[in-house]
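The values are calculated or read from the model by the stated rules, or taken from the named source; none is laboratory data. Bear in mind that the values here come from a model prediction, so they are computed numbers and not experimental data. Here the Cβ positions follow ideal geometry from the backbone for every residue, glycine too, while neighbour counts run over all protein chains shown. In case anyone asks, the SASA skips ligands and DNA or RNA and just uses the protein heavy atoms, side chains included. Shrake-Rupley method; radii C 1.70, N 1.55, O 1.52, S 1.80 Å.
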Amino acid sequence: MSKKFYITTPIYYPSASPHLGHAYCTTLCDVIARGKRMRGFETFFLTGLDEHGEKIQKNAQAKGVTPQQFVDEVATRFFSLWEAMGISNDDFIRTTQPRHEKTVQKIFSKMLEKDDIYLSTYSGWYCVHEESYWTETQVGENHLCPECGRPVEQKDEEAYFYRCQKYTDELLAYYDSNPLFITPESRKNEMVNTFIKPGLLDLCVSRTSFSWGIQVVENPKHVIYVWLDALTNYITALGYLQEDDSNFQKFWMDEESEIVHVIGADINRFHTIYWPMFLGSLGLRKPNRVFVHGLLMMKDGKMSKSKGNAISAYPLIERYGVDAVRYYLVSEVPFGQNGTFTPEQFVMRVNQDLVNNYGNLLNRTASMIIKYFGGIIPEYTKASDALDEEIDALIRATKVAYETLNDDLQVTAAYEKVMELISRANKFIEEKAPWALAKDPEKKPELEGVMARLAHVIYAASLMLSPILIHKADEAFSVLGVTNPSYEEIDSFGCLKGNEIHKGDVLFQRLDAEKEIEEIIKMMTGPKETVAA
Ligand code: MSP
């Protein structure tokens, strides 16, 4: 039976159009999901939108539309972007869908019945932007939100509270017995030292001051706190407490299923403290991993609409193709660290890795197979020297490292290994000098081995790159005459023997650095419709 894998992105706020930062997180998850599917894991990849809350209500009011109209319109922009980016999600959850709303009400009732939630009065410092209450100490003398730095306001309201203390020990025990639960580890220390050790206050989980949310059935003037509503999307989308809960049984309840949430550091506290506690209330298992990725920034800091420094993915896709944009996102910012988008680096990545390294290997190899073997891939002859042996060993080692690193969510490092294999193969051409071997009839078996090895490196690398290069890997397969690519064949040296090379256009056009840097700068300062936070 195949292993199961469940991966989620955060559900984004449809408060404005998505920018390259949102595309970053979703693309990385897509690459992970595609990689697992290719390797035979039964995979479920979820993304969606977090459509309730005061901020959305206020944005809708400002535009003179209903909140539902507002989110429906913004949702279409997310759908289009994911389509353009080639995102292969299995479901798309919107928190205004009845399947979600009804289930959240049931979840709230369960928590009330268990006395994990109680009614009381809240008085505290509230940040409208973060939709969070803060303590006197947290807001400091200037009364500013510790999360976003905006001014907070004093509020009193009847509210329901979640008993955090009841689940704190269970949470800490889970951290201890699952050292990979929060990755990178620094993110765990932050949670323990800043939030848990000082003592968790009970969490306020309802609001009466606005109406755009899911009603508490037992007390309809309350709407359920947006984070309790939002976090549960990860199980409502699978059918939890619904008639058809087969995906829930398969991807959540089955201990064999690995559950991975990928999030930005800004929402770590909710995912690694409150979410596991809520699951504790429901008597459900906790996720295996919460992977906290870094932010994609601009030179002057975090991308945001107010700063006017965000870049949309569209003009980049239009000009350079979706594969180049996907490759840039995976390769440029090591997964787990912050990174800065610069036009120079974008152009450099495309030219160095995709044009000079990958595209060039394919091009040279295809030309030589045509020249020396009439376009038919020759036999993978026995290694004739240490160089041949090194290539054979490197293909095997790269596959192992690729799988181990991907399974550990070190995605950038996994793909770097593939690029290293390609670089090594380009160097192998220089070392073996096939043009010299071709002059000596006695060296024919060696020449056959060299060309077959090169073709196989390209096949193996294209398979491993295919979760990123969703179109270009197919083009490479067709150059190699492969109609039915299969990941398992990486280990079948010689499987390409007899295939006919179909040389097409170059995979990636070399970019004129100076010109393209200027073009990208124009995109960054371009019309406002393409730029949003
Ligand atoms: N709605 C909540 C999440 C609820 S999940 C149950 C939310 N939404 S958000 O629209 O603000 O999106 C947050 C996520 O978008 C971040 O955690 C991060 O994954 C991603 N990113 C937003 N801007 C980003 C960058 N500039 N760079 C990288 N990722 C970015 O919080």
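How about the stretch 1-43: which of its residues are buried (at least 22 other Cβ atoms within 10 Å of the Cβ), touching a strand residue (DSSP E or B) at 6+ places or on another chain (Cβ under 7 Å) and either of a type in the set (Val, Ile, Thr) or part of a strand (DSSP E or B) (or both)?
Phe5, Tyr6, Ile7, Thr8, Thr9, Pro10, Ile11, Thr26, Ile32, Thr43, listed by residue number.
For the stretch 390-441, which residues satisfy the criterion of being under 22 Å from Ala366 (Cα atoms) and not in a helix (DSSP H, G or I)?
Scanning the stretch 390-441 gives Ala433, Ala438, Lys439, Asp440.
Which condition number in (1) closer than 24 Å to Lys197 by Cβ; (2) more than 30 Å from the chain's Cα centre (by Cα) is the one that Glu153 fails?
For Glu153, the exception is condition (1).
Can you name the residue in the stretch 1-55 that is aromatic (Phe, Trp, Tyr) and more than 16 Å from the ligand (Cβ to nearest atom) and, of all such residues, is nearest to Ile93 (Cα to Cα)?
Per the criteria, the residue is Phe44.
For the stretch 93-111, indicate whether the set of residues that are hydroxyl-bearing (Ser, Thr, Tyr), at pLDDT 95 or above and in a helix (DSSP H, G or I) is non-empty.
Taking every residue of the stretch 93-111 in turn, at least one turns out to be hydroxyl-bearing (Ser, Thr, Tyr), at pLDDT 95 or above and in a helix (DSSP H, G or I).
Which of the numbered conditions does Glu448 fail, given that it passes all the others? Conditions: (1) buried (at least 19 other Cβ atoms within 10 Å of the Cβ); (2) closer than 16 Å to Arg396 by Cα; (3) among the charged types (D, E, K, R).
With (1) buried (at least 19 other Cβ atoms within 10 Å of the Cβ); (2) closer than 16 Å to Arg396 by Cα; (3) among the charged types (D, E, K, R) applied to Glu448, the lone miss is (2).
Would you mind stating whether Gln345 is part of a loop (DSSP other than H, G, I, E, B) and closer than 30 Å to Asp408 by Cα?
no
Answer with yes or no whether Val217 is more than 15 Å from the ligand (Cβ to nearest atom) and in contact with a helix residue (DSSP H, G or I) (Cβ under 6 Å, 6 or more places away or on another chain).
In short, yes.
Looking at Glu500 and the list (1) within 29 Å of Val31 (Cβ to Cβ); (2) touching a strand residue (DSSP E or B) at 6+ places or on another chain (Cβ under 8 Å), which single condition is not satisfied?
Evaluating Glu500 over (1) within 29 Å of Val31 (Cβ to Cβ); (2) touching a strand residue (DSSP E or B) at 6+ places or on another chain (Cβ under 8 Å) leaves (1) as the failure.
Consider Leu329 against the criteria (1) out of contact with any Phe, Trp or Tyr (no Cβ under 6 Å at 6 or more places or on another chain); (2) open to solvent by less than 20 Å² (accessible area, probe 1.4 Å): it satisfies all of them except one. Which criterion is unmet?
For Leu329, the exception is condition (1).
If you scan the stretch 176-203, which residues turn out to be farther than 30 Å from Tyr118 by Cα and touching a Phe, Trp or Tyr at 6+ places or on another chain (Cβ under 6 Å)?
Thr183
Of the conditions (1) surrounded by 18 or more Cβ atoms within 10 Å (Cβ to Cβ); (2) modelled with pLDDT of 95 or more, Lys250 satisfies every one except a single condition; which number is it?
Looking at each condition in turn, Lys250 falls short on (1).
Hey, Ala60 hits all of (1) within 11 Å of the ligand (Cβ to nearest atom); (2) surrounded by fewer than 24 Cβ atoms within 10 Å (Cβ to Cβ); (3) in a helix (DSSP H, G or I); (4) among the small types (Gly, Ala, Ser) but one; which does it fall short on?
Just one mismatch for Ala60, condition (1).
Name the residues in the stretch 68-93 that are within 15 Å of the ligand (Cβ to nearest atom) and either among the β-branched types (Val, Ile, Thr) or more than 18 Å from the chain's Cα centre (by Cα) (or both), would you?
Residues satisfying the conditions are Phe70, Val71, Val74, Ala75, Arg77, Ile87, Ile93.
Any residue in the stretch 246-269 that is within 20 Å of Gly48 (Cα to Cα) sitting within a Cβ distance under 6 Å of a residue that is among the aromatic types (Phe, Trp, Tyr) and within 16 Å of the ligand (Cβ to nearest atom)? List the pairs, counting only those 6 or more apart or interchain.
So the pair list comes out as Phe248/Tyr240; Phe251/Tyr6; Ile259/Tyr6; Val262/Phe291.
From the residues in the stretch 402-426 that are of a type in the set (Gly, Ala, Ser) and surrounded by 19 or more Cβ atoms within 10 Å (Cβ to Cβ), which one is farthest from Cys495 (Cα to Cα)?
Ala414
Being over 20 Å from Lys417 (Cα atoms) and not charged (D, E, K, R) is the filter here, so list the residues in the stretch 442-476 that pass it.
Matches in the stretch 442-476: Pro445, Leu447, Gly449, Val450, Met451, Ala452, His471.
Would you tally the residues in the stretch 164-216 being more than 26 Å from Phe108 (Cβ to Cβ), touching a residue at least 40 places away in the same chain (Cβ under 8 Å) and hydroxyl-bearing (Ser, Thr, Tyr)?
1
Quickly run through the stretch 323-346 and pick out the residues that are within 10 Å of the ligand (Cβ to nearest atom) and either in contact with a strand residue (DSSP E or B) (Cβ under 7 Å, 6 or more places away or on another chain) or free of Cβ contacts under 8 Å to residues at least 12 places away in the same chain (or both).
Listed by number, the residues that qualify are Val333, Asn338, Gly339, Phe341.
Would you mind stating whether Leu119 is open to solvent by 70 Å² or more (accessible area, probe 1.4 Å) and of a type in the set (A, V, I, L, M)?
yes
Here is a yes/no grid of residues against (1) charged (D, E, K, R); (2) closer than 21 Å to Ala230 by Cα:
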{"position": "Gln105", "(1), (2)": "no, yes"}
{"position": "Ile117", "(1), (2)": "no, yes"}
{"position": "Ser123", "(1), (2)": "no, no"}
{"position": "His129", "(1), (2)": "no, yes"}
{"position": "Pro146", "(1), (2)": "no, no"}
{"position": "Glu170", "(1), (2)": "yes, no"}
{"position": "Ala173", "(1), (2)": "no, no"}
{"position": "Pro184", "(1), (2)": "no, no"}
{"position": "Lys188", "(1), (2)": "yes, no"}
